[in-house]
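Below: the structure, in structure tokens.
Taken together, the values in this text are just the output of simple stated rules run on the coordinates, not laboratory data. Bear in mind that the values here come from a model prediction, so they are computed numbers and not experimental data. Don't worry about glycine lacking a Cβ; one is built from the backbone with ideal geometry, like all the others, and counts go over all protein chains shown.
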Amino acid sequence: MSLSAYVPIVGLFALAAAFGLFSVTAAPFIGPRRFNKAKLDAYECGIEPTPQPIGGGRFPIKFYLTAMLFIVFDIEIIFLYPWAVTFDAFQGAFVFVEMLLFIGTVFVAYAYVWRRGGLDWD
């Protein structure tokens, strides 16, 4: 296999890098420079920022934990899809046992999170 097959890919990466570098370099020169108090303040989703937090304190971390658990388990289940598409009976028992071990590992992690209360909202 010759290296000429990779020339379009390298060209695309070079073009993307050049565009990114140009955009970051040119933005301060061609962008508007109208600063005011509202643009310099921290953005709080449309709510006026106050020294005291609205709602009585910090945002509960359970929301972040639930989102991270969803992402972890979602990515693990996504690995099952290509396996299921390419699986056929000729691959043998080894592949099937490996997937059962993977599913078992996911189930153990899920049971651990469930037992520790990571899925409870209260």
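May I ask you to derive the FRET efficiency for residue 80 and residue 112 from their Cβ-Cβ distance with R0 = 25 Å, giving the value to the nearest 0.05? According to the calculation, E is roughly 0.80. Once the chain from residue 13 to residue 30 is taken as fully extended at 0.36 nm per residue, the excess over their C-alpha distance is 3.6 nm.
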